[in-house]
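Data block below; observations after.
Values quoted throughout were computed directly from the atomic coordinates according to the rules given, and no laboratory measurement underlies them. Predicted, not measured: the structure shown is a model, and the values here were computed from it. Heads up, the Cβs are rebuilt from the backbone with ideal geometry, glycines too, and the neighbour counts pull from every protein chain shown.
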């Protein structure tokens, strides 16, 4: 039995194969619910948390695993809305800054951190370029102050000298370097870990979180669910059915029109970028508002991203980088590096699809997905299914709140439901940022589990995985975080599956974790 942080959620939040089986049995025995959520990404998990915390009987189904789709392929940034200011999308900019504030100060301080973003400045033109960038960062900082994020969480931006630029991003070319501009934004340790934390918090408020369960058909008040493990089906009646399936929303409701955009990242060893703990931010040639940036990442890696290109045609289960995208990212970042990167430096790539609204304001021509609005919308299709589309990872909580508000208005017209409580609900493991250092557990585990790190550290020993991933982390993924397969552990609970060599070196340790937990992986 894994101890529970008393007072964090009204009920135990641990997910496991046993809990899944019990809740499927309970749903089959009583298949009438208030809200059925389809989709286990950040938005779906957020909707489940918002609905369950308002006292609604809530079931979330995901046909594969938590964070299987777009939510695990982000840049791992908690954006403050600077880019949206530049394009005049003031509402989205404010919403992004406000949600970043909540994540970093209240909801998930243990999973977020401030990240310095350094734009190197080269002669000639460094003075005017620095002034332009400084103005933009200054506007973003105004948003930070307006929403109340303190300076000890995100410091004000400003110019830095040549020596400080080289210290922060040591891989840059020193020739012609005159200094830089440093801004700040929020970074996630891991986007998939955020999704798991949201889902577990929803479970702690009574939501049933059921992975490997597919909605084979759905209407506005009913759905047929199939257990992918046993093949058994349950017909569920619901007062509201909400689709949070992202770019796949059209599969449930063909009336939903989206224009998917692909964002691609490269994975390189951190040492080829000098082991920088800051983000090297490089302007895209010919653009005044687009950048390629590097990001420090777990396991001694760094990410380079990101593209923003149309992704028409059939939707793949897992998108992949194209050769042109790899070339473009390398060519752009190489404009400021002392030792240009080559293809052999790229040890992996990943790509995600953004569910952009077709016809959203802020769009340019047919190929201008980079300029499409990131606003979200709640759409009701002919079948009555409510689809949550658009938006971005940073604003998942607000999207979820709006979705449940729409449910309350359209499906509970005569019932006075409480308003959203999620602004004040910390996610599992949350702990005040200034007190994280006092948690009695290894720093590695504190960064991943926050206040739950001592419990994770107390699990039995066993074979560890590659990149220093401990046996305790692997077993925690099984007994607390609901991993049902070895891929769940490697691809989404630890991210070791991103690099092929890491996956190969860790498969036996993952299998041993299931054995220690007394669970057979499916």
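Taking other Cβ atoms within 10 Å as a rough exposure proxy, 229, 234 sort from fewest to most as 229, 234. FRET efficiency for the pair residue 331 and residue 520, taken as 1/(1 + (r/R0)^6) with r the Cβ-Cβ distance and R0 = 35 Å, rounds to 0.15. Counting neighbouring Cβ atoms within 10 Å and putting the fewest first, the residues 32, 256 line up as 32, 256.
You can think of it this way: the chain between residue 309 and residue 434 has 41.0 nm of extra reach, that is 0.36 nm per residue less the Cα-Cα gap. Could you compute the FRET efficiency for residue 22 and residue 164, with r as their C-beta to C-beta distance and R0 at 60 Å, rounded to 0.05? Given R0 = 60 Å and the Cβ-Cβ separation, E is 0.60.
Taking each residue as 0.36 nm, the span from residue 145 to residue 30 lengthens on full extension beyond its C-alpha to C-alpha distance by 36.5 nm. Estimated translational diffusion coefficient (Stokes-Einstein, Kirkwood radius over Cα pairs, 25 °C, 0.890 mPa s) of segment 197-331: 131 µm² per second. Rounded if a/c is under 1.5, else prolate if a/b beats b/c, else oblate: with a ≥ b ≥ c from the C-alpha gyration tensor eigenvalues square-rooted, which is segment 83-190? Oblate shape, in that a/c is at least 1.5 and b/c is the bigger or equal ratio. Counting every C-alpha pair in segment 459-517, the share spaced more than 13 angstrom apart comes to 47%. Is the shape of segment 1-133 rounded, prolate or oblate, going by the alpha carbon gyration tensor and its root eigenvalues a ≥ b ≥ c, with a/c under 1.5 for rounded and a/b larger than b/c for prolate? Prolate shape, in that a/c is at least 1.5 and a/b is the bigger ratio. For segment 397-522, the equivalent ellipsoid derived from the Cα gyration tensor has semi-axes of 35, 20, 13 Å, listed largest first.
Estimated at 0.36 nm per residue, the fully extended path between residue 323 and residue 87 surpasses their Cα-Cα distance by 82.0 nm.
Report the FRET efficiency, 1/(1 + (r/R0)^6), for residue 216 and residue 344, where r is their Cβ-Cβ distance and R0 is 41 Å, rounded to 0.05. Plugging the Cβ-Cβ distance into 1/(1 + (r/R0)^6) gives 0.35. The angle between the Cα long axis of helix 90-102 and the longest principal axis of the Cα atoms of the chain comes to about 70 degrees, rounded to the nearest 10. Relative to the longest principal axis of the Cα atoms of the chain, the long axis of helix 396-411 makes an angle of roughly 40 degrees. Taking the longest Cα principal axis of the chain as reference, the axis of helix 42-53 is set at about 50 degrees.
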